[in-house]
1. Quick one: order B:L314, B:L377 by neighbouring beta-carbon count within 10 Å, fewest to most.
2. So which trypsin sites (Lys or Arg not before Pro) in region A:195-253 are both in a DSSP loop and have at most 11 other Cβ atoms within 10 Å of their Cβ?
3. May I ask you to sort A:C128, A:C353 by Cβ crowding, counting other Cβ atoms within 10 Å and putting the fewest first?
4. If I take every Cα pair under 8 Å that is 6 or more residues apart in chain B, average their sequence separation and divide by the length, what percent do I get for the relative contact order?
5. Would you calculate the volume per residue, in Å³, of the smallest convex hull containing every Cα atom of region A:93-138?
6. Which of the lysines could a cross-linker bridge to A:K57, judged by Cα under 19 Å and excluding same-chain residues fewer than eight apart?
7. Using the number of other C-beta atoms within 10 angstrom as an exposure proxy, rank B:I195, A:I209 with the fewest first.
8. Enumerate the amide H contacts of B:Y238 below 5 Å, restricted to partners 5 or more residues apart or on another chain; note that Pro and chain-start residues carry no placed amide H.
Amino acid sequence: MRAVGIIFSNIHDNNIPELVRVRSFGSIPFGGRYRLIDFPLSNMVNSGMDTVGIITKSNYQSLMDHVGSGKDWDLARKDGGVIILPPFGDVESNTLYNTRLEALKGITSFLFRADEEYVVMTDCDSVCRINYNEVLDYHIKSQADITLVYKKRVPISNSIDYGTTFEIQDGRIVNLSYNSPLENKQANVFINVFVMKRSLLQNIVMDSISHNKKSFTNDIIAENLKSMKIMGFEHKGFYAGISSLQAYYESNMAMLDSSNRNEIFGDRSVFTKIRDSAPTKYGNTAVVKNSMIADGCVIEGEVENSIIFRNVKVGRGAKIKNSIIMQNSVLGENCTLNCIITDKNVTVKDRVCLSGNDNHPFYVGKGIMI
Amino acid sequence: MIRKKKCVAMLLAGGQGSRLYALTNNIAKPAVSFGGKYRIIDFPLSNCVNSGIDTVGVLTQYQPLVLNDYIGNGQPWDLDRSYGGVHILSPYQGKTSSDWYKGTANAIYQNIHFIKQFNPDYVLILSGDHIYKMNYAKMINYHILSNSDCTIAAIKVPIEEASRFGILNTKEDGTIYEFEEKPKKPKSTLASMGIYVFSAQKLYKYLEEDSVAPNSSNDFGKDILPKMLNSGEKMMAYQFEGYWKDVGTITSLFEANMDLLGNKPVFDVADNSWKIQSRSPLAPPQYIGDSAKTDNSIIMSGCEIFGSVENSVLASDVKVGKGSLIKNSIIMSDVTIGENSVVEYAIIDENTIIGDNVVIGAPKETDKGITVVGRGLAISNNAKIDGGQMIESNVKGDN
């Protein structure tokens, strides 16, 4: 394959502190049975890439457990495959990296060891299907030094992180602004996919070590808009950016729309760790409308407009609406939940009533009993 | 230290399952789907793993393609081992002779070298056509403690059904003194489950003798076991209590699936204390639409339900269109059902496509029987298939 893959599993931790308290960003559960890293990892596999490094930082036990040997992505290989790259700490200051560039400094040996000509780098903050081959072809054809992928969209409201936006002329990025409020106007929002020659990335990393540069976007991209040919590649398909808890909630709910669902899952090529659960069982008091329900559940109450993960029990008379219920949660009889996100292993006792708002879901932490 | 295994399991999976008709036209019986996500062979395989037996030979013969594919390297059952693990044993060509497996005993005899390479103390013989959860380790322990040469698992059956089974007549301590194959007037209701533990050396001896015996049908039940009893070997019955179902007929397969339904099911596959492992499909969670109804049913991932599903078992990636009704039925994986169709008291096999306004089957009360639609068929719009039919080719509707 032409390109080696690099996935940053921790780079957006500040966006959803609730969900990353006990896990890395890449292992945030999504869509009933997936974790966010499944989307970039599957995109890479489906683009024929067979060497992928995953850069971690902290709380990555759940990520390692999920990715394992890479077998479920067909990436358990003798030659290449998936490689988890634990953080490379600075012994003197006893700190871990804070920026993308610093993270890359820690994996120079991985970068040098690879023999692919190109590198595709991506984060775990988006749910989309991208064929990286198309990006690579565009990159090569346009003789770009660096190609960045963007999506034309109106940023999701009340997000703390508006992200990086591009001004583009004839495909070339001519200006870049970071985190400026956009007042609901459509913009070219960077979706954190980078394509370049591996040799260029190596040079950038070595140079930034010697000049103590910190930020890939500010010190490399923004500084070199004129001296390098930095192109923008538009992703035209479905895109959900996970930039806040609200965005996480809305992105999950977007999967209830059949056209979105078909685009992401229609050809059954989003891979994930396969766990065995019995099929889901519906009692004769179950009423389910417009919901996604994973295996291993026992549903005896009402579920509407919700995403239910594996092995969740919904008791008789319970009313679950507009909610995301993560795995192994137990919802008691006659409880009422509206606009709730429960993390894993949450217990809601009988007759408990909880409600958030659809522009501000209420989050219940892992293992909490209410 | 010489490596050895305490017990090697041999799973007889070559059965054609001719009484399952259309369901086994292209696949072996142990590969038939069960309970939405399983295949029949998952049960003996999971029982082995859960009982600590990690060396299993699977003897295939009839239409083994799906079965071989399904078992693969055994990874879903944790049987991808470097020493032991699951091995597919198909009939092979030898230097002096080559043959299909003539009977159950002959199948084991032809693979005696497979067993011997693990130098086991005990050999467990299983069949791939029953749904049950059983701890074989307990049975092997019973075999050891009772100093037995051959132990046969047995279950009490209703007296009126006893004449369908091989019946074991035992003394009080469980010692078998007589076999009766499908007796007209059974003396006991203790039926053989087709599960045998042999002390390995005894098994080798009787298999070798049987292989040269004239007029032998090379079958465990008909030849090996009676021979051992007549020669005075110690044979014990190990009584099993729990759910056990032979799914060799359409009716029994249907009933066993229905036993999974309900709040307190007759047979619980979801019980984590004895997990049934299987090769899981890669599909997104099921989607239940606005107009859907899901009543007392089991539904797998990848399904998209817009119609009504009542008292049914749906395997993965089944689509049920708006206005359609699935009632008292088993729908196997990748079946698409159009709009305003009715499927009642029926089994629809994998990959079949059913159009709009189709009627399949008749209510159970009509006594017409279970309707079966085979795999990979197309049932066009407006087609009518009456109760009790066995459909093995495409059906066109009248337009």
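1. Working: B:L314 30, B:L377 19.
Ordered by Cβ neighbours within 10 Å, fewest first: B:L377, B:L314.
2. On the way: sites: A:K197, A:R198, A:K213, A:K214, A:K226, A:K229, A:K236; in loops: A:K213, A:K214, A:K226, A:K229, A:K236.
Qualifying residues, ordered by number: A:K226, A:K236.
3. Values: A:C128 19, A:C353 12.
Ascending Cβ contact count within 10 Å gives the list A:C353, A:C128.
4. On the way: 966 pairs, mean separation 52.7, N = 399.
It rounds to 13 percent for chain B.
5. Working: hull volume 4.9 nm³, N = 46.
Expressed per residue, the convex hull around the Cα atoms of region A:93-138 is 107 Å³.
6. Counting by Cα, and skipping residues close in sequence, A:K57 has these lysines nearby: A:K105, A:K214.
7. On the way: B:I195 25, A:I209 14.
Taking fewest neighbouring Cβ atoms as first place, the list is A:I209, B:I195.
8. B:I152, B:A153, B:A154
Read-outs: derived from the displayed coordinates by stated rules, not from any lab. Bear in mind that the values here come from a model prediction, so they are computed numbers and not experimental data. Neighbour counts are summed over all protein chains in view; Cβ atoms, including those assigned to glycine, are modelled from backbone coordinates with ideal geometry.
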